[in-house]
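Only one structure is covered here, and it is reproduced in the block below.
The values are calculated or read from the model by the stated rules, or taken from the named source; none is laboratory data. Keep in mind that what you see is a predicted model, and the values were worked out from it rather than measured. Note: ideal-geometry Cβ built from the backbone for every residue, glycine included; neighbour counts use all protein chains shown. Heads up: the accessible areas ignore ligands, DNA and RNA and are worked out on the full protein's heavy atoms, side chains in. Shrake-Rupley method; radii C 1.70, N 1.55, O 1.52, S 1.80 Å.
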Amino acid sequence: MEFKIKYFKDYVPFHVDDSHHPVELNPKQCPAVESEAAEVRRALAHPIGTPRLSEIVKPGEKVVIVASDVTRPAPSWVMVPCVVEELEKAGVKDEDITVVFGLGSHRKQTEEEKKRLVGEKIYSRIRCIDSDPEQCVHMGTCKNGTSVDIFKTVAEADRRILTGNVEYHYFAGYSGGMKAIMPGVSSHDAIQSNHKNMIRPGAYAGHLEGNPVREDIEEVYHFCPVDFIVNVALDDHKKIAFAAAGDRIQAHREACRFLDSIYKIKIDKPADVVIVSTGGYPKDINLYQAQKSIDNAKHAVKEGGIMVVSASCKEGYGSTVFGDWIQKYDTPDDRIKAIHEHFELGGHKSAALALVQKKCSIYLVTDMDDAMVTKANMTPFHDLQQAVDAALDKMGKDASVYVIPVGGSTLPMEE
């Protein structure tokens with residue numbers, strides 16, 4: 001059977017003998033919406049679990065809208081203007097509104113980036129600032145010890161509104177919801193404390209109840225209450241396909257259910273060989289980015305199986321800390337042990353990769369230097385067909401095969 005998957009900016013063909021009964025796992029087609037803004041306005045007009053935002057907020061109250069930074073695909077330039085429209089209906093003045101970009105542990109943004117994120121009209125009317133992990137107010141401590149340290153402007157607001165997109169997150173289950181607060185506008189130490197939970201059972205993509213990372217994130221609400229959220233799910237073109245607004249749990253879960261209806265693919269059982277592409281550029285620009293597709297695809301491969309990953313990684317490891325951890329520690333076990341002993345952002349991705357490598361071998365089809373691939377405990381290839389053939393030879397003539405063309409947004413799960 002013939003297949004084509006993305007590698008950087010091109011499609012690369014390969015074949016798998018029909019005797020392996022290969023199955024391609026693809027997301028469903030997203031339904032079309034009238035327009036992105038119309039979909040957000042629909043959600044705002046029919047909130048889940050709360051009154052309309054215009055009925056919650058009162059004139060004279062200080063209102064903060066938390067929005068994603070430039071590293072996220074959330075279309076804030078659609079969501080934030082719609083939220084401001086609702087606030088206008090409540091009689092809230094522009095000078096009482098602040099848009100705070102939740103940087104988490106990311107770099108500060110330029111003024112041009114802020115303007116692009118919310119659109120020129122909002123940027124010219126309303127104060128738009130980055131969160132600052134050094135300027136936080138201590139508001140409490142979660143039961144597992146995570147300190148609730150929230151950016152001062154957010155902590156001191158009368159009303160807090162969260163915006164964001166919902167996608168699979170490899171240890172928080174999903175993005176969105178209270179994640180805009182933790183880690184979005186939290187201190188560096190608080191983020192590290194929360195992220196340490198990633199190595200505990202239950203912390204994996206598409207999983208919420210019993211997920212220690214997500215439960216920690218949502219406990220923050222009891223110290224830093226949130227009045228309203230607007231979350232969207234995006235299609236493959238990063239356009240809004242669905243919006244949910246209202247209660248921080250109920251609206252978030254509704255957006256998660258929509259995401260699952262499109263991107264969560266049910267499988268009968270894991271396969272011996274899984275061939276996965278990130279979906280190409282820019283998701284395969286480096287190994288740090290490609291790790292998300294690897295983590296999603298791990299659910300489709302059996303214990304002791306092989307994952308063939310098509311990812312150019314022209315920029316190498318893609319993160320200094322991530323690369324340092326790969327260079328410093330020789331084996332997956334070493335990296336997992338190290339993250340237990342001293343959690344470090346960036347290093348956590350090397351530990352996540354190591355957890356996948358404890359389950360299966362990874363054959364990486366890449367532009368990266370062979371020595372870099374080998375040091376990361378993967379087998380390097382520069383030809384996709386050669387990698388596929390090698391995997392099938394290793395797993396035998398009865399090997400089962402899944403092909404995942406868009407690993408970054410496809411989550412295979414057993415029934």
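I'd like to check one number: the per residue accessible area of the stretch 48-204, probe 1.4 Å, reported in Å² as a whole number. It would help to have the intermediate numbers written out before the result.
Numbers: 6250 Å² over 157 residues.
Value returned for the stretch 48-204: 40 Å² of accessible area per residue.
Its residue count N sets the reference 2.2 N^0.38 Å, and the alpha-carbon radius of gyration of the stretch 9-148 equals 1.46 times that reference.
Place a +1 charge on the Cβ of each Lys and Arg in the stretch 248-341 and a -1 charge on the Cβ of each Asp and Glu, then give the dipole magnitude about the Cα centre in debye, rounded to the nearest 20. Let's see the in-between values first.
On the way: 14 positive and 13 negative charges, 93 e Å.
In total the dipole reaches around 440 debye.
Working note: Karplus 6.51/-1.76/1.60 with θ = phi - 60° gives the stretch 315-327 the couplings 9, x, 5, x, 8, 4, 5, 4, x, 4, 5, 5, 6 Hz, where Gly and Pro are set to x. Each principal axis of the Cα atoms in the stretch 196-255 has its own extent, and those three values, largest first, are 33, 28, 16 angstrom. With N as its number of residues, the stretch 116-187 has a Cα radius of gyration that, divided by 2.2 N^0.38 Å, comes to 1.25. When semi-axes √(5λ) of the Cα gyration tensor in Å is calculated for this entry, the matching label among (i) 35, 23, 21; (ii) 39, 23, 18; (iii) 44, 27, 18 is (ii).
Within the chain, antiparallel bridges make up roughly 30 percent of the DSSP beta bridges whose residues both belong there.
Apolar share of the accessible surface for the stretch 1-95: 53 percent from carbon plus sulfur atoms, 1.4 Å probe. Taken one residue at a time, the phi angles of the stretch 71-78 give Karplus couplings (6.51, -1.76, 1.60, θ = phi - 60°) of 7, 10, x, 4, x, 4, 5, 9 Hz. Gly and Pro are set to x. Averaged per residue, the stretch 234-371 has 37 square angstrom of accessible surface, using a 1.4 angstrom probe with ligands and nucleic acids left out. Working value for the stretch 269-377: equivalent-ellipsoid semi-axes of 20, 17, 12 Å, each the square root of 5 times a Cα gyration tensor eigenvalue, largest first.
Put Met1, Met79, Met139 in order of accessible area, largest first, 1.4 Å probe: what do you get?
From most accessible down to least: Met1, Met139, Met79.
Taken about its Cα centre, the stretch 11-114 carries a charge dipole of about 360 debye when Lys and Arg each add +1 at the Cβ and Asp and Glu each add -1 at the Cβ. Under a Gaussian network description of the chain, with springs only between Cα atoms under 10 Å, the residue in Val365, Val16, Val99 that fluctuates furthest is Val16. For the stretch 1-75, the C-alpha radius of gyration divided by 2.2 N^0.38 Å, with N the number of residues, is 1.98. Carbon-plus-sulfur accessible fraction, the stretch 138-293 (probe radius 1.4 Å, protein heavy atoms only): 48%.
Any idea what the relative contact order of the chain is, in percent, if you count C-alpha pairs under 8 Å spaced at least 6 apart?
20 percent
The alpha-carbon of Lys28 sits under 22 angstrom from the alpha-carbons of these lysines, leaving out residues fewer than 8 places away in its chain: Lys4, Lys6, Lys238, Lys239, Lys264, Lys266, Lys269, Lys283, Lys292, Lys298. With q set to 0.15 Å⁻¹, the log10 of I(q)/I(0) for the stretch 276-328, from the Debye formula over equal scatterers at the Cα positions, is -0.43. Measuring nothing but how far apart in sequence close Cα pairs (under 8 Å, 6+ apart) lie, relative to its length, the stretch 210-279 scores a relative contact order of 21 percent.
For the stretch 194-314, what is the percent of antiparallel DSSP beta bridges, rounded to the nearest 5? Show your work: numbers first, answer last.
On the way: 6 of 12 bridges.
Of the beta bridges lying entirely in the stretch 194-314, close to 50 percent run antiparallel.
Global size of the stretch 181-294: 16.3, 47 Å for Rg and Dmax (C-alpha atoms, Rg to one decimal, Dmax whole). Rg over Rh for the stretch 224-264 works out to 1.03, using Cα positions for both radii and the Kirkwood form for Rh.
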